[in-house]
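Asker: Just dropping this structure here.
The values are calculated or read from the model by the stated rules, or taken from the named source; none is laboratory data. All of these numbers come straight from a predicted model, not from anything done at the bench. Don't worry about glycine lacking a Cβ; one is built from the backbone with ideal geometry, like all the others, and counts go over all protein chains shown. What goes into the accessible areas is simple: the full protein's heavy atoms, side chains included, and nothing from ligands, DNA or RNA. Shrake-Rupley method; radii C 1.70, N 1.55, O 1.52, S 1.80 Å.
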Amino acid sequence: MDTIAEISYWYNLALTYIVIGVTWLFDHFRDFAWIIKVAAISLTVSLWLILASLFQIFKKAWKNRKWKKVEKKLTEKYGETITYVLSPEAPDKIGRDEMLELLDIDPNEADPKKLLKDKREKLCMSRIIYRARISEEASVEGSRNLHVLLGIFGLIDFLEELIVKDNDPQKVESLLMLRAFKAPTNQWVANQLLNNKRHRVKRLAMYASILSSSNTDLGYFESEFFSKNFCMYDEIQLGFVLQRRKSARRKIPNLAHWAVMQEDPKAQAMFVRMMRQFNQAEYSSELEDLFQHNSDSDLIEEIARTWGYLKYTEGEELMRDMLLTQPDDGKVAILHALTRLNTGQSLNALLDGYRNSGTQHVKFEALRCIYWYGPEGRAKFEELRRTATERDKPLFEFFDNELTLKDLPLEKSAKYHSEYGDNLYSVV
């Protein structure tokens, strides 16, 4: 029985039982008022729906349990060997016979259909290999053994079949794995996924494509879809795939270019943060026009943080000119950046930040920066301490306490890649 016929059969069967049930209820409550009949039918239907929901819950729990059981069995049997052959410790090229020996598989029984009996086992094995492939422990050299491993279990053909025949989420997962395995995929199917009407499917398909393909695929960020549907999920996914490209020693694209190309300040800020994450100091100059002629204070703040982190000294004068025109968070970002550059030319700007701020928070941050701005900064700090007003004197008390003083330096390693911390891209 094919899929359409099976769905039609169960649909007609359910409809028949519903009609029989409603007819029985009307007949049973024939002499009752209409309100009683409607209430009885509503109650009965509700009970049916509750029972159906409980059945689905137990069915899903049982199914998940079976999946976990299969994955555990395969991991115990092959997991350590898979991790080893994809690691730096393994030889560069392991032949099929040697791979079979490592996997403890009899060459006479090395038939993919015998090794993995059904879809569940094949998909679980694909996921095990995929996780081992993208792990930090996996090496570029170890990936040469990948196709031998996939060939033994017949997983390339299996994943290509899923892309053609399965549901949309499964198509995306299969495409993601094939891209990570650097295996050829049906381009027509890939294009269908990229043009999928479901936003989640389309976005996942695009990032699966970016993971291992050329820079030209970043044209996605010029699309109307991206400009209309940009969200934090894009930042997490892009950070993840670029980190994997970096681990695989593939070139990271010019992120400053994509920051300038965007119209949404939030999307622009995302690419600027990525520049910090991937240390793209060579493209810092491309942000100058964006810094000077943009009215979004959050974006200006991100650019200032990035320039400070990347030690872009050419932007120092621009930041000094913009310092007093920014809101409090922007001022703090620029003060920190000037201190990180520490060229000796911005002490007066730091003093302006302290003297011309109306909030204690900004004053305190300005004092931190002055304190760590070399010998001249330390001397000026002591002068400010002697002439401080009663309102400002409590700010200086932090610098007399060893417990708080150790948290005041502004080294390059300080965690401000984003408000989400440095571990934003370590999980997906």
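Asker: Of everything in the stretch 96-111 that's open to solvent by 40 Å² or more (accessible area, probe 1.4 Å) and of a type outside the set (Asp, Glu), which residue is farthest from LEU149 (Cα to Cα)?
Answerer: So the first thing to find is which residues in the stretch 96-111 are open to solvent by 40 Å² or more (accessible area, probe 1.4 Å), and the list is 96-98, 101-102, 104, 106-109, 111.
If we keep only those that are of a type outside the set (Asp, Glu) as well, we get 96, 102, 107-108.
Values: ARG96: 8, LEU102: 11, PRO107: 14, ASN108: 17 Å.
Across the stretch 96-111, the extreme among qualifying residues is ASN108.
Conditions tested, residue by residue: (1) open to solvent by 50 Å² or more (accessible area, probe 1.4 Å); (2) out of contact with any Pro (no Cβ under 9 Å at 6 or more places or on another chain); (3) modelled with pLDDT of 80 or more; (4) under 30 Å from PHE230 (Cβ atoms).
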{"position": "ILE128", "(1), (2), (3), (4)": "no, yes, yes, no"}
{"position": "ALA132", "(1), (2), (3), (4)": "no, yes, yes, no"}
{"position": "ILE152", "(1), (2), (3), (4)": "no, no, yes, no"}
{"position": "LEU155", "(1), (2), (3), (4)": "no, no, yes, no"}
{"position": "VAL164", "(1), (2), (3), (4)": "yes, yes, no, no"}
{"position": "GLN187", "(1), (2), (3), (4)": "yes, yes, no, yes"}
{"position": "MET206", "(1), (2), (3), (4)": "no, yes, no, yes"}
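Asker: Go through the residues of the stretch 349-365 one by one and say whether even a single one is within 18 Å of ALA256 (Cβ to Cβ), open to solvent by 20 Å² or more (accessible area, probe 1.4 Å) and free of Cβ contacts under 8 Å to residues at least 24 places away in the same chain. Give the derivation first.
Answerer: Quick first cut of the stretch 349-365, residues within 18 Å of ALA256 (Cβ to Cβ) only: none.
Looking for residues that are within 18 Å of ALA256 (Cβ to Cβ), open to solvent by 20 Å² or more (accessible area, probe 1.4 Å) and free of Cβ contacts under 8 Å to residues at least 24 places away in the same chain, one finds none in the stretch 349-365, hence no.
Asker: Continuing with this model, one more query. Cβ contacts < 7 Å: first residue under 16 Å from LYS122 (Cβ atoms), restricted to the stretch 64-93; second residue assigned to a helix (DSSP H, G or I) and open to solvent by 30 Å² or more (accessible area, probe 1.4 Å), any location; separation 6+ or different chain. Result?
Answerer: Between residues of the stretch 64-93 that are under 16 Å from LYS122 (Cβ atoms) and residues that are assigned to a helix (DSSP H, G or I) and open to solvent by 30 Å² or more (accessible area, probe 1.4 Å), the close pairs are TRP67/ARG120; VAL70/ARG120.
Asker: Another question, if that's okay. For the stretch 310-325, enumerate the residues that are over 21 Å from PHE271 (Cα atoms), open to solvent by 20 Å² or more (accessible area, probe 1.4 Å) and not basic (Lys, Arg).
Answerer: Result: GLU317, ASP321, MET322, LEU324, THR325.
Asker: Can you name the residue in the stretch 285-309 that is within 20 Å of THR343 (Cα to Cα) and either surrounded by fewer than 21 Cβ atoms within 10 Å (Cβ to Cβ) or among the basic types (Lys, Arg) (or both) and is also nearest to the chain's Cα centre (by Cα) among such residues?
Answerer: Ranking the qualifying residues of the stretch 285-309, first place goes to ARG305.
Asker: Between ALA39, ALA90, ALA52, which is at pLDDT 75 or above, part of a loop (DSSP other than H, G, I, E, B) and open to solvent by less than 100 Å² (accessible area, probe 1.4 Å)? Even if it seems obvious, please write down each step before you answer.
Answerer: Values: ALA39 fails: part of a loop (DSSP other than H, G, I, E, B); ALA52 fails: part of a loop (DSSP other than H, G, I, E, B).
Step by step, each of ALA39, ALA90, ALA52 is checked, and only ALA90 is at pLDDT 75 or above, part of a loop (DSSP other than H, G, I, E, B) and open to solvent by less than 100 Å² (accessible area, probe 1.4 Å).
Asker: Related question: Tell me which residues, restricted to the stretch 166-183, are in a helix (DSSP H, G or I), acidic (Asp, Glu) and modelled with pLDDT under 75. Before you say what the answer is, go through the steps one by one.
Answerer: Going residue by residue through the stretch 166-183, those that are in a helix (DSSP H, G or I) are 168-180.
Those left that are additionally acidic (Asp, Glu): 168, 173.
Matches in the stretch 166-183: ASP168 only.
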